[in-house]
Amino acid sequence: MTTVKIIKLSANENCYGCSPSALKAVQDKHKDVHLYPEVNPLALKEKLAEKFRVKTSNIVVGAGSVRIIDGLIQTFVGQGEEVLTFEKSFIAYGQFAGFHKRKCHFAPLTNLQCSPENLLPFINDKTRLIFIANPNNPTGNIISHIELEKLLSKISNKIIVALDEAYAEYVTEASFPNAVELRKKYSNLVILRSFSKIYGLAGLRIGYAIMHEELAAKMAEGQIPFSLNYLSSSAAIASLDDLDFVKGSALANTEQRDFLFNELKKLGYNTIPSHANFIYLWFETDTAKTKTYNTLFVNGIIICDMKVFGQENALRITIGEKESNQKIISVLAKWL
Ligand SMILES: Cc1ncc(COP(=O)(O)O)c(C=O)c1O
């Protein structure tokens with residue numbers, strides 16, 4: 001019996017692993033996991049504050065950025081108030097609004113682009129929180145600095161705009177927002193970042209946000225003590241120091257993303273340029289999509305069928321290593 005090597009390209013993890021320094025930080029601490037973690041990860045906050053030239057009081061750290069997304073809804077969206085995001089975006093925004101019994105509106109995309117203008121008709125006096133994933137998951141496109149500033153200038157500063165930059169380190173496009181700069185002018189802008197993507201620490205569950213200190217203080221009131229694990233903040237600190245790992249991952253991703261995009265196009269797939277570590281494919285029918293999914297699946301390549309997130313006729317492929325991407329193309333070319 002021949003065994004097929006499984007290639008998992010369904011969750012936008014870093015296919016190059018994580019920084020060796022992060023692994024060392026985990027090894028150095030693993031014998032002490034009988035101890036509780038720190039309640040306030042000050043050393044990590046100091047590192048992030050230095051990196052982004054903000055104060056530690058502007059930083060919120062959570063067990064994954066999803067925990068901060070949940071915390072934003074829990075803290076700032078009262079009963080009867082509403083959340084707004086785009087349809088075809090990260091599932092957690094609507095899902096967590098639902099958990100908290102808050103209404104979430106979904107603005108449409110225009111030609112698969114998250115046009116901030118499309119949010120405006122959905123804003124009313126109950127809107128408290130807007131989530132924008134930039135780059136957007138699953139479509140991979142971005143809104144620009146100019147577009148973001150235009151939106152911020154048009155809405156009340158009582159509405160929090162949470163800009164989810166989980167994939168920011170993969171972006172090479174110059175028009176990508178300098179959100180840290182914009183936040184100085186717009187105190188309602190919250191920037192969310194993750195250690196799960198380019199830093200390769202998804203399994204350790206750690207993310208952070210930069211926000212106005214009053215917002216951060218309110219978030220802290222509802223924080224569950226010891227919700228970070230004992231290993232994650234040390235690994236995160238070590239990762240931030242390993243710029244070569246981040247640069248290397250971003251560079252390899254760009255090269256492989258171009259390869260996959262061009263080859264999928266040549267094979268006739270509907271796709272759009274991505275700024276993240278994944279690529280979006282859409283299909284006329286569910287049957288066409290399922291056939292592509294199954295062809296890869298039987299060859300050991302697991303990608304994401306967007307149906308699991310309630311989005312029809314679309315697939316998302318995480319950009320893997322060169323060999324994985326070459327295998328995708330050769331399997332699909334042979335089948336077609
Ligand atoms: C846009 C976006 N934000 C946040 C997350 C979650 O990140 P974390 O692992 O830090 O909770 C993801 C994960 O896929 C994502 O796609």
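The values are calculated or read from the model by the stated rules, or taken from the named source; none is laboratory data. All figures in this text were calculated on a predicted structure; none of them were measured in a lab. Positions of Cβ are backbone-derived with ideal geometry, glycine not excepted, and every protein chain shown enters the neighbour counts.
With the condition kept exactly as written, say whether any residue in segment 257-278 is among the aliphatic types (A, V, I, L, M), modelled with pLDDT under 95 and touching a Leu at 6+ places or on another chain (Cβ under 9 Å). Spell out the reasoning first.
To start, the set of residues in segment 257-278 that are among the aliphatic types (A, V, I, L, M) comprises 260, 264, 267, 272, 276.
Among the residues that remain, those that are also modelled with pLDDT under 95 are: none.
Scanning segment 257-278 turns up no residue that is among the aliphatic types (A, V, I, L, M), modelled with pLDDT under 95 and touching a Leu at 6+ places or on another chain (Cβ under 9 Å).
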Is it true that Ala216 is under 30 Å from Val54 (Cα atoms), assigned by TED's automatic domain parsing to the domain that holds Ile198, touching a Leu at 6+ places or on another chain (Cβ under 7 Å) and touching a residue at least 40 places away in the same chain (Cβ under 8 Å)? no
What are the pairs, 6+ residues apart or on separate chains, where a residue within segment 233-262 that is in contact (Cβ under 8 Å) with a residue 12 or more places away in the chain and within 23 Å of Thr318 (Cα to Cα) has its Cβ under 9 Å from a residue that is among the acidic types (Asp, Glu) and part of a helix (DSSP H, G or I)? Val246/Glu169; Ser249/Glu169; Ala250/Glu169
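One residue is enough: does segment 188-198 have a residue meeting the conditions more than 29 Å from Asp242 (Cβ to Cβ), more than 13 Å from the ligand (Cβ to nearest atom) and not assigned by TED's automatic domain parsing to the domain that holds His275?
Just the residues of segment 188-198 that are more than 29 Å from Asp242 (Cβ to Cβ), to begin with: 188.
From what is left, the residues that are more than 13 Å from the ligand (Cβ to nearest atom) are 188.
In the following step, the residues that additionally are not assigned by TED's automatic domain parsing to the domain that holds His275 were identified as 188.
Yes, segment 188-198 has at least one match.
Could you tell me whether any residue of segment 57-75 is exposed (fewer than 14 other Cβ atoms within 10 Å of the Cβ), away from the ligand (no atom under 15 Å from the Cβ) and in contact (Cβ under 8 Å) with a residue 24 or more places away in the chain? Give the derivation first.
So in segment 57-75, the residues exposed (fewer than 14 other Cβ atoms within 10 Å of the Cβ) come out as none.
Among the residues of segment 57-75, not one is exposed (fewer than 14 other Cβ atoms within 10 Å of the Cβ), away from the ligand (no atom under 15 Å from the Cβ) and in contact (Cβ under 8 Å) with a residue 24 or more places away in the chain, which makes the answer no.
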